[in-house]
Every structure is written in C-alpha cells, then in structure tokens.
Amino acid sequence: MKFKKIIFKLLITFFFLLPAKAEFDIKVSTAILQDYLSGEILYEKDPDQKIYPASMTKIMTTIIAFDLIKKGDLSLDDKFLVTENAWRLSKSGYSSMFIMVGDEVSVENLLKGIIIASGNDACVALAEGIAGSEEQFAIMMTAKAKEIGMTNSNFSNSSGIDHINNYSTVRDILIMSNYLIKNFPENYHYYAEKDFTWNRTGGDPIKQGNRNPLLYKNIGADGIKTGHLAVAKYSLAASIFKNNRRFISVGSGFETKNSRSKQSLKLLIWALTNFDTIKIAKSNEKFDTLNVWLGKKEKIEVHTKEDIYKTIPKARKKYLKGIIHYNGPILAPIKKDDIVGKFKVFYKDDLINEYNLYASEDIKKVNMFSRILKSINFIIWGDV
C-alpha cells in the first residue's frame, strides 16, 4: 500500500469551522450564506423557516425562460402580446415595467423589465406568452423547483405578489440562486445591469434603476433580487464575485429597506474577510501522477471527476494535509477512468474528506519479454 503525502494548507470541511455562528450575527428573521465554489454553508439563521419570497420569486420566472432559450424553444427576439391581464398590474401600485395593452414586447425586454425594473406586468406577459396563462406558468415554476431540489417551495404566480400558496425558504432560494448562476452564465449578466430604459407606447421613455442596493457598493455584487411584502418585510438574495471567489446570501424579514442593505453587506463582507476559498482540483484536469507496474508507461496521470474547493478560516490553514492513498505501483493494464486511488484530507489527525482518483488514460501491459526483464530487475535491484 503506497501513500503519497501532499501537505495542503488548504482543506477542511465546514463542521470544523463554525463556532462562527455564535460569534457573528445579523439582524434578520432568517438568512443563509454560502461559498458558491465549495458549496459550504458559512452562516445560517433558521434557514428552513417558511417565508413569502416576494419578488425573489422572479428568479424562478427567469429560470423558466432561460431554460427554454437554452433548449432552443424560445428566443430573446421572440415577441409576446401584452394582454389586459398583464397591463392591469402596471396600474395597481405594483412595481412595473409600464407595458401597454397590445404592445408586442421582446422576450429580452421582458426579462430586463423583470430583473432590473422588477416589473410584475412583465412577469405576467412573459408567463402568458410561454404557458398561455399565469396559472399554467406557475405549475411549471413549481415543477422546476422540485426538480432542482427546492423541497419546501411552491409558486402560485410569476411575480411574487402576496398569496398564501406562494412560499419558500431562504435555503430553497439559495438552491435556486445556485442553479441560476451555474446553468445560465450567458444570461446571468442581466442581474448585474444597473438600469433599464423602456421606450413605452404613448409616453416618454422610462428609465428605472436596479433595485438591488448592493450593486452600487464596491464589493463585486452582480445580483440577484430584492423582495418586499408587508407581511414578509424586506428580503434580498445577493451574490458577490470578487478575487475569483463568489458568495451568495439570502435573507428575509429585514425590518427596513436600509437594514436589508446594511445587514446583507455586513454578512458578505464578513465572508470575504474571514475565509479563504482554496482550489484543490478541477474536474478532469491533471491532479497528480502515480507509479505503474508492468505497463508501457511507468507513470499515469490521475484526475478527479468533480471540482474540489474548500472554504477555510484564515487562521486554520496550518492544520490541514492531504494524502494520496493507492495500491502501488498500479498493475497494468489500466483503463481510462478506472478508480486507481483515493485523495484523503485530514484536519490534524482526523479524516474529513476523501475523493476518488481516476486514470486519465489507457495503459497497456508490456509484452512477456519485457515483463520478465522488469521482474528480474525488481528482484535484483528492487526498482520498479
């Protein structure tokens, strides 16, 4: 059994990290914070409490559209006719894009109206254009939520207006935010745009700013969505990308709009200043080389099949180490993607993670004559 030691001042799973919850807190009813790359939860406060997500609902509305665009079933240039049902929401005191009955509006403009202007009218127009009715669209939203693992969510409308059957949790909103960022990088940029001008019918153009207050702070914010309902107070799903690191926070039940901004900023800055995100391995890229016995090559490259990142408190790197563990040298023949070893991660003397290592290529066995020579060489010299 061979062991190949690699000292990483790198790796640790989160359960070693977090007395932090006792040391740090923000003023909100329910919240969660994640390092996007490692997937580790750095802070949570009653994350499975039922909430009314308000306009954070619109994240799922855009996911449905982005999904159809990705599949080729919808185009940003497609146009949908605005019905009186959609227009009515622009006349009811809700946040609006200010579309008019009979307008034919492109999918791209509706998406901007939803994401940047938080237009409820744009949500209904998009929902009706895609599914025929908002009710059918909400069924699509809930089905998608279940598909991606949002186990405590249900959607009854496309905009997030107050309804007893439109509910979620901050943990589920985090799952939805992850899905958005991971699966639609070509469309996610809309969430970072700070303003949108709609050349409305029968009036002057209307320019509206993005309602996400963190976009105007110098912390690398690039999304995601605010929300507000009288019954649920203020909410925010936020993402920052800075120095090749991404953190996502979701909070609901902030007392005021100002508190929403300040407390979310406090949470994200705490993550930036107290933790490091370390890249351990990139999926399907060379991780290391291992010794081979009786093969046409004496070494084989190995890789992992997943990206491996770890989030580490800045003061605890020195306690970490990694060891490659394999039966070696590995006897040929070896087939590509055979599991040939494990990468084990320790905190002090405790095993905290292990990952399979896969062969990156085929290696054939040498012929009989070469095997005899290698065996004699090993007997005499102990050389593999």
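The values are calculated or read from the model by the stated rules, or taken from the named source; none is laboratory data. Predicted, not measured: the structure shown is a model, and the values here were computed from it. Glycine also receives a Cβ, built like all others from the backbone with ideal geometry; neighbour counts cover every protein chain displayed.
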Check: Has the stretch 206-219 got at least one residue that is among the charged types (D, E, K, R), touching a helix residue (DSSP H, G or I) at 6+ places or on another chain (Cβ under 7 Å) and under 18 Å from ILE32 (Cβ atoms)?
Finding: no
Margin query: For the stretch 321-331, give me each residue that is touching a strand residue (DSSP E or B) at 6+ places or on another chain (Cβ under 6 Å) and not basic (Lys, Arg).
Written below: GLY322, ILE323, ILE324, HIS325, TYR326, GLY328, PRO329, ILE330, LEU331
Note to self: Let me spell it out: the conditions are (1) under 16 Å from SER252 (Cβ atoms); (2) touching a strand residue (DSSP E or B) at 6+ places or on another chain (Cβ under 8 Å), and ASP172 meets all of them except one. Which number is the exception?
What the structure shows: (2)
Checklist line | Those residues of the stretch 331-351 which are under 17 Å from THR304 (Cα atoms) and of a type in the set (A, V, I, L, M), in sequence order | finding: ILE334, ILE339, VAL340, VAL345
Notebook entry, point to check: Restricting the first residue to the stretch 154-182 and requiring it to be surrounded by fewer than 24 Cβ atoms within 10 Å (Cβ to Cβ), which pairs with a second residue that is of a type in the set (Gly, Ala, Ser) and not in a loop (DSSP other than H, G, I, E, B) meet a Cβ separation below 6 Å and a spacing of at least six or different chains?
Noted result: SER156/ALA138; ASN157/ALA138
Checklist line | Residue, modelled with the lowest pLDDT, within the stretch 170-209, restricted to residues that are over 21 Å from the mean Cα position of the chain (by Cα) and of a type in the set (Val, Ile, Thr) | finding: THR201
Notebook entry, point to check: From ASN218, ASN212, ASN243, which residue is polar (S, T, N, Q) and over 21 Å from the mean Cα position of the chain (by Cα)?
Noted result: ASN218
Note to self: Looking at the structure I just gave you, is SER95 of a type in the set (Ser, Thr, Tyr) and closer than 25 Å to SER249 by Cα?
What the structure shows: yes
Notebook entry, point to check: What number of residues in the stretch 63-112 are touching a Leu at 6+ places or on another chain (Cβ under 8 Å) and part of a helix (DSSP H, G or I)?
Noted result: 9
Note to self: Against the condition free of Cβ contacts under 8 Å to residues at least 60 places away in the same chain, at negative phi, in contact with a strand residue (DSSP E or B) (Cβ under 8 Å, 6 or more places away or on another chain) and buried (at least 23 other Cβ atoms within 10 Å of the Cβ), how does ALA125 come out, does it pass?
What the structure shows: yes
Checklist line | Lone qualifier among LYS317, LYS336 - being at pLDDT below 90 and not assigned by TED's automatic domain parsing to the domain that holds ARG245 | finding: LYS317
Check: Restricting attention to the stretch 263-282, does a residue exist that is under 17 Å from ILE339 (Cβ atoms) and in a loop (DSSP other than H, G, I, E, B)?
Finding: no
Item checked: Residue among LEU111, LEU42 that alone is more than 24 Å from ASN187 (Cβ to Cβ) and crowded, with 22+ Cβ neighbours inside 10 Å -> LEU42
Check: What residue, among those in the stretch 256-299 that are more than 21 Å from the chain's Cα centre (by Cα), of a type in the set (Ser, Thr, Tyr) and surrounded by fewer than 16 Cβ atoms within 10 Å (Cβ to Cβ), is nearest to ASP35 (Cα to Cα)?
Finding: THR256
